[in-house]
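Report on one structure; see the data block that follows.
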Amino acid sequence: MKIIRHVENLPKRVCGSVITIGNFDGLHLGHQNILDEVSNYSEVFKLKSILVTFQPYPEEFFSKDKEKVFKINNLRDKYTLIAQKGIEEFVCLQFNQKFANMSAYDFIENILVKKLKAKIIIIGDDFKFGYRREGCFQLLKKLESRYHYKTYAQDSYLINNERVSSTAIRKQLIDGDLSQASSFLGRNFFITGTVVHGNKLGRTIGFPTANIATKNTNYPLRGVFIVMVELLNNTKLYGVANIGNRPTIDGKKIVLEVHILNFGSDIYGKRLRVRFLKKLRNEMKFETMNDLKQQINIDMNQAKNYIKNK
Ligand SMILES: Cc1cc2nc3c(=O)[nH]c(=O)nc-3n(C[C@H](O)[C@H](O)[C@H](O)COP(=O)(O)O)c2cc1C
Ligand SMILES: Nc1ncnc2c1ncn2[C@@H]1O[C@H](COP(=O)(O)OP(=O)(O)OP(=O)(O)O)[C@@H](O)[C@H]1O
């Protein structure tokens, strides 16, 4: 699956397909449900499956403080999750002022019909698009016969009567409700990043930590967690992680760092994925490094018990 970034001169293979559109941040169970439907139609009608998304997200584009908008997944992870669902083509359009001013009607006519030559369009029942979010399923339906495509709306995917959405998951993560967020996502929330050099104080108290750098450092979670660490060669290891500014050492920035259990290899520069399994506690300020060390020992024992009982 290649990323296609422009609708000009689209490769022929992309035209005349089954299309779905949206942000798909987190690729949660509602999204997964839509993508299954896209794949079904694609198989039955022998048409390619295409996902059209935007970068930045419209919400991000309109926000005054772009840094503050947090995304559940970065583009790379979103791409991987979508590819794993079997979608064949990934169209990622630059959301700019021109796009923001485009009416829903123009989006249908110019992008979906003229450029993509859509045959089947599948969206969620509440999906809105175009200038002032004036486009919706009913508009797509109304223009079906004029533009010779078929459109289908997927019913809302609910959990305990609540519609699964990226907005709901972001709120759950910010509120520290990891287990609810995981149940909406259909997997544990994860962050992927690269191991960078820290202050190297961890090893002096017996807990070397991998400091993880990510592009989007606006982490939704705070505190100490049991995690699963996946190195991208598919090795899976357990660990304990902290996300916070480390008040004990007067840290300023919010960082994510992981102590991997029973592990001693050099992984500087390696990419790894941290899956958040369970929250243990909030970050605290300790009087001495020794007090912090004792607490991390307790955290590790809790993690070991959790793993044993899995
Ligand atoms: C499991 C775990 C729990 C932690 N809990 C706290 C905490 O409650 N308060 C705090 O100030 N720092 C906490 N830290 C961060 C440590 O202060 C930090 O790992 C240490 O200072 C080493 O930093 P360095 O890797 O940059 O050298 C925690 C780290 C880990 C791995
Ligand atoms: N729970 C759901 N049930 C059915 N369809 C959904 C669900 N959530 C999203 N969709 C559909 O998936 C596509 C992509 O959704 P998008 O990411 O834009 O929405 P979202 O998850 O509701 O995010 P947000 O909370 O930012 O509105 C859209 O067609 C949308 O209607």
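Conditions tested, residue by residue: (1) of a type outside the set (Asp, Glu); (2) touching an Asp or Glu at 6+ places or on another chain (Cβ under 9 Å); (3) open to solvent by 60 Å² or more (accessible area, probe 1.4 Å).
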site: Tyr219; (1), (2), (3): yes, no, no
site: Val258; (1), (2), (3): yes, no, no
site: Leu261; (1), (2), (3): yes, no, no
site: Lys270; (1), (2), (3): yes, no, yes
site: Leu277; (1), (2), (3): yes, no, no
site: Asp299; (1), (2), (3): no, no, no
site: Ala303; (1), (2), (3): yes, no, no
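Would you mind finding the one in Glu230, Glu162 that is away from ligand 2 (no atom under 16 Å from the Cβ) and of a type in the set (Asp, Glu)?
Details: Glu162 fails: away from ligand 2 (no atom under 16 Å from the Cβ).
Result: Glu230 is the single residue among Glu230, Glu162 that is away from ligand 2 (no atom under 16 Å from the Cβ) and of a type in the set (Asp, Glu).
On the given criteria, is Arg146 within 16 Å of ligand 2 (Cβ to nearest atom) and open to solvent by 40 Å² or more (accessible area, probe 1.4 Å)? Give the derivation first.
Working: within 16 Å of ligand 2 (Cβ to nearest atom): no; open to solvent by 40 Å² or more (accessible area, probe 1.4 Å): yes.
Here the answer is no, as Arg146 does not meet what is asked.
May I ask you to list the residues in the stretch 143-198 that are among the β-branched types (Val, Ile, Thr), under 14 Å from the mean Cα position of the chain (by Cα) and within 20 Å of Lys278 (Cα to Cα)?
Across the stretch 143-198, the qualifying residues are Ile169, Ile191, Thr192.
For Glu89, only one of the following conditions fails: (1) charged (D, E, K, R); (2) surrounded by fewer than 17 Cβ atoms within 10 Å (Cβ to Cβ); (3) in contact (Cβ under 8 Å) with a residue 40 or more places away in the chain. What is its number?
That leaves (2) as the condition not met.
Given the structure, is Leu10 under 20 Å from the mean Cα position of the chain (by Cα), over 22 Å from Gln172 (Cβ atoms), outside any helix (DSSP H, G or I) and not aromatic (Phe, Trp, Tyr)?
Values: under 20 Å from the mean Cα position of the chain (by Cα): no; over 22 Å from Gln172 (Cβ atoms): yes; outside any helix (DSSP H, G or I): yes; not aromatic (Phe, Trp, Tyr): yes.
Here the answer is no, as Leu10 does not meet what is asked.
If you go through the stretch 221-231 one residue at a time, do you hit one that is open to solvent by 50 Å² or more (accessible area, probe 1.4 Å), β-branched (Val, Ile, Thr) and touching a helix residue (DSSP H, G or I) at 6+ places or on another chain (Cβ under 9 Å)? Reasoning before the result, please.
Taking the stretch 221-231 and keeping what is open to solvent by 50 Å² or more (accessible area, probe 1.4 Å), we get 222.
Pick out the ones that are also β-branched (Val, Ile, Thr) and you get none.
Within the stretch 221-231 (the criterion being open to solvent by 50 Å² or more (accessible area, probe 1.4 Å), β-branched (Val, Ile, Thr) and touching a helix residue (DSSP H, G or I) at 6+ places or on another chain (Cβ under 9 Å)), the answer is no, since none of the residues qualifies.
Tell me whether the stretch 143-153 contains one or more residues that are free of Cβ contacts under 8 Å to residues at least 60 places away in the same chain and polar (S, T, N, Q).
Quick first cut of the stretch 143-153, residues free of Cβ contacts under 8 Å to residues at least 60 places away in the same chain only: 143-151, 153.
Filter once more, so that each one left must be polar (S, T, N, Q): 145, 151.
Within the stretch 143-153, one or more residues are free of Cβ contacts under 8 Å to residues at least 60 places away in the same chain and polar (S, T, N, Q).
I'd like to know if the stretch 46-55 contains one or more residues that are surrounded by 15 or more Cβ atoms within 10 Å (Cβ to Cβ) and of a type in the set (Ser, Thr, Tyr).
Step one: filter the stretch 46-55 for residues surrounded by 15 or more Cβ atoms within 10 Å (Cβ to Cβ), giving 47-55.
Adding the requirement that they be of a type in the set (Ser, Thr, Tyr) leaves 49, 53.
Taking every residue of the stretch 46-55 in turn, at least one turns out to be surrounded by 15 or more Cβ atoms within 10 Å (Cβ to Cβ) and of a type in the set (Ser, Thr, Tyr).
Of all residues in the stretch 116-137 being at positive phi and open to solvent by 40 Å² or more (accessible area, probe 1.4 Å), which is farthest from ligand 2 (Cβ to nearest atom)? It would help to see each step written out before you state the result.
If we filter the stretch 116-137 for residues that are at positive phi, which is where we start, we get 117, 130, 132-133.
Subset that is open to solvent by 40 Å² or more (accessible area, probe 1.4 Å): 117, 132-133.
Working: Lys117: 20, Arg132: 15, Arg133: 10 Å.
Across the stretch 116-137, the extreme among qualifying residues is Lys117.
Looking at the stretch 159-177 only, could you name the residues that are open to solvent by 90 Å² or more (accessible area, probe 1.4 Å) and either in the same structural domain as Lys279 (by TED's automatic domain parsing) or not basic (Lys, Arg) (or both)? Spell out the reasoning first.
Taking the stretch 159-177 and keeping what is open to solvent by 90 Å² or more (accessible area, probe 1.4 Å), we get 160-161, 167, 171, 174-175.
Answer for the stretch 159-177, where residues must be open to solvent by 90 Å² or more (accessible area, probe 1.4 Å) and either in the same structural domain as Lys279 (by TED's automatic domain parsing) or not basic (Lys, Arg) (or both): Asn160, Asn161, Thr167, Ile174, Asp175.
Here is a check on your reading of the model: is Lys285 of a type outside the set (Ser, Thr, Tyr), within 14 Å of Met228 (Cβ to Cβ) and either open to solvent by 80 Å² or more (accessible area, probe 1.4 Å) or in contact (Cβ under 8 Å) with a residue 24 or more places away in the chain (or both)?
Working: of a type outside the set (Ser, Thr, Tyr): yes; within 14 Å of Met228 (Cβ to Cβ): no; either open to solvent by 80 Å² or more (accessible area, probe 1.4 Å) or in contact (Cβ under 8 Å) with a residue 24 or more places away in the chain (or both): yes.
Judged against the criteria, Lys285 is not a match.
Enumerate the pairs (first residue in the stretch 92-108 and open to solvent by less than 40 Å² (accessible area, probe 1.4 Å); second residue anywhere and of a type in the set (S, T, N, Q)) with beta-carbon separation below 7 Å, excluding pairs fewer than 6 apart on the same chain, so at least 6 apart or on different chains.
Cys92/Thr53; Cys92/Gln55; Phe95/Gln55
Scanning for something open to solvent by less than 30 Å² (accessible area, probe 1.4 Å) and part of a helix (DSSP H, G or I), does the stretch 61-79 turn up at least one residue?
Taking every residue of the stretch 61-79 in turn, at least one turns out to be open to solvent by less than 30 Å² (accessible area, probe 1.4 Å) and part of a helix (DSSP H, G or I).
The values are calculated or read from the model by the stated rules, or taken from the named source; none is laboratory data. From a predicted model like this one, the values you see are computed outputs, not experimental measurements. When we count neighbours, we look across all protein chains shown, and the Cβ atoms used for this are built from the backbone with ideal geometry, even at glycine. Areas reflect the complete protein model, heavy atoms only, side chains present, ligands, DNA and RNA absent. Shrake-Rupley method; radii C 1.70, N 1.55, O 1.52, S 1.80 Å.
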